[in-house]
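In what follows, a single structure is set out as structure tokens and then discussed.
Quick note: the coordinates plus some simple rules give every number you see, no bench work behind them. Model, not experiment: these values are computed from the prediction. When we count neighbours, we look across all protein chains shown, and the Cβ atoms used for this are built from the backbone with ideal geometry, even at glycine.
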Amino acid sequence: MCRHRFFRPPIDYKIAHGVYPAMTEQEWQFDAWSELYKKVQVADILVIATPIWLGEKSSVATQLNERLYSFSGDLNDFGQYAYYGRVGGCLVTGNEDGAKHCSMNFLYSL
């Protein structure tokens, strides 16, 4: 059973840019990623949604992909990668302006 149905979008958090789990260790003054990532960890399904800007996914969606990547090397209790067996998906608004490209990029990243 899902513990969190929905949570605030990433734009509502002060998330630092980068690909390390805790960017405050990389001299950033703030990084709310650990707070948001705790919610990602307990979610049954992660769906990332984005509009298309100039043929690409939004910068916020790109940042979310980068921060998810920062934990991609972590292992679960069974020695498997932390994202093993997890369910993810993407929603992209648009059509001929790059929806296939953005979807491909997201799904490859996940």
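Odds and ends about this structure:
- Tally, over segment 12-64, of residues that are out of contact with any Cys (no Cβ under 8 Å at 6 or more places or on another chain), of a type in the set (A, V, I, L, M), farther than 14 Å from Cys90 by Cβ and surrounded by 12 or more Cβ atoms within 10 Å (Cβ to Cβ): 8
- Residues satisfying the stated conditions in segment 65-106, i.e. exposed (fewer than 13 other Cβ atoms within 10 Å of the Cβ), β-branched (Val, Ile, Thr) and either part of a helix (DSSP H, G or I) or under 16 Å from the mean Cα position of the chain (by Cα) (or both): Val87
- Filtered residue count, segment 14-33, keeping only those that are farther than 17 Å from Thr62 by Cα and among the hydroxyl-bearing types (Ser, Thr, Tyr): 1
- Annotation note: of Asp12, Asp44, Asp77, Asp31, the sole residue that is over 21 Å from Asn105 (Cβ atoms), touching a helix residue (DSSP H, G or I) at 6+ places or on another chain (Cβ under 8 Å) and among the charged types (D, E, K, R) is Asp31.
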